[in-house]
């Protein structure tokens with residue numbers, strides 16, 4: 001598959017997957033989702049690759065879902081797909097890390113911002129290296145949606161009260177605070193982000209690969225089971241069909257304050 005919205009490179013036993021829509025702050029559209037799923041499968045099935053590093057090109061890791069492409073879909077598409085994310089629904093959440101064959105570890109190298117779906121991609125990874133000053137935010141509430149899967153991830157990695165505040169108020173979480181709470185593994189200056197991610201990859205590569213993959217599988221399964229229940233509950237609410245959801249998208253595009261009506 002030829003990629004247009006991501007970069008996929010291999011160096012020794014490491015795969016480098018890079019979000020590559022810097023002109024729109026690496027906003028995630030349907031094409032990027034499809035390409036990420038394909039890249040994850042390619043990495044998982046390549047016997048020469050043992051670890052991957054996921055990062056974002058440009059000013060930040062990811063600004064989240066592409067509002068213009070996803071939230072402004074025609075209503076008939078939202079009804080048909082059951083989600084703003086379109087017809088593509090990768091197994092295991094994110095780009096499919098919850099259901100793989102070989103369970104190889106993935107390190108997120110995050111800088112700038114990781115918002116909404118971008119937050120989801122980062123915390124779906126097994127380890128996180130964050131540049132100093134990086135901010136994490138669950139944005140779904142402002143968009144008129146629920147953020148229950150992200151709440152599970154924040155709860156699992158950071159704590160219940162923090163997770164509730166992030167999902168209800170859209171509170172941002174700075175990298176240093178995330179490190180203190182145990183949500184990220186390393187915080188380094190921006191210029192050291194990729195070298196530190198590579199050093200962490202080298203630590204992984206020094207371990208017996210089958211033991212590593214067994215532990216990755218266990219860690220992902222535990223949090224994924226909780227997310228699966230949260231996703232099933234949230235889907236039944238059909239928040240993507242509410243007036244407030246559409247008002248949020250229109251306000252974002254028109255660069256004005258949203259006027260929510262609880263409808």
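Read the figures in this text as sums done on the coordinates, not as results from a lab. Every value quoted in this text rests on a predicted model; they were computed, and no experiment measured them. Here the Cβ is made from the backbone with ideal geometry for all residues, glycine too, and neighbour counts use every protein chain on show.
Regarding segment 160-263, what's the average projected area of the Cα-atom convex hull, expressed in nm²?
Mean orientational projected area (segment 160-263, Cα hull): 10.2 nm².
Can you work out the FRET efficiency for the pair residue 192 and residue 11, with r the C-beta to C-beta distance and R0 = 25 Å, to the nearest 0.05?
0.85
Which residues does a label at residue 59 reach in segment 181-196, if reach means a backbone N under 19 Å from a point 7 Å past the Cα toward the Cβ?
Taking a point 7 Å out along Cα→Cβ of residue 59, the residues of segment 181-196 whose backbone N falls under 19 Å are 190-191.
Each label point is 7 Å from the Cα along the Cα-to-Cβ direction; what then is the distance between the points at residue 102 and residue 38, in nm?
That separation, rounded to one decimal, is 1.9 nm.
Fewest Cβ neighbours within 10 Å first, please rank 263, 11, 41 accordingly.
Listed from fewest to most nearby Cβ atoms, that is 263, 11, 41.
How far apart, in nanometres, would the label points at residue 260 and residue 168 be if each is projected 7 angstrom from Cα along the Cα-to-Cβ direction?
1.2
Which of rounded, prolate or oblate describes segment 167-208 when judged by the alpha-carbon gyration tensor and an a/c cut-off of 1.5?
Working: a/c = 3.34, a/b = 1.96, b/c = 1.70.
Prolate shape, in that a/c is at least 1.5 and a/b is the bigger ratio.
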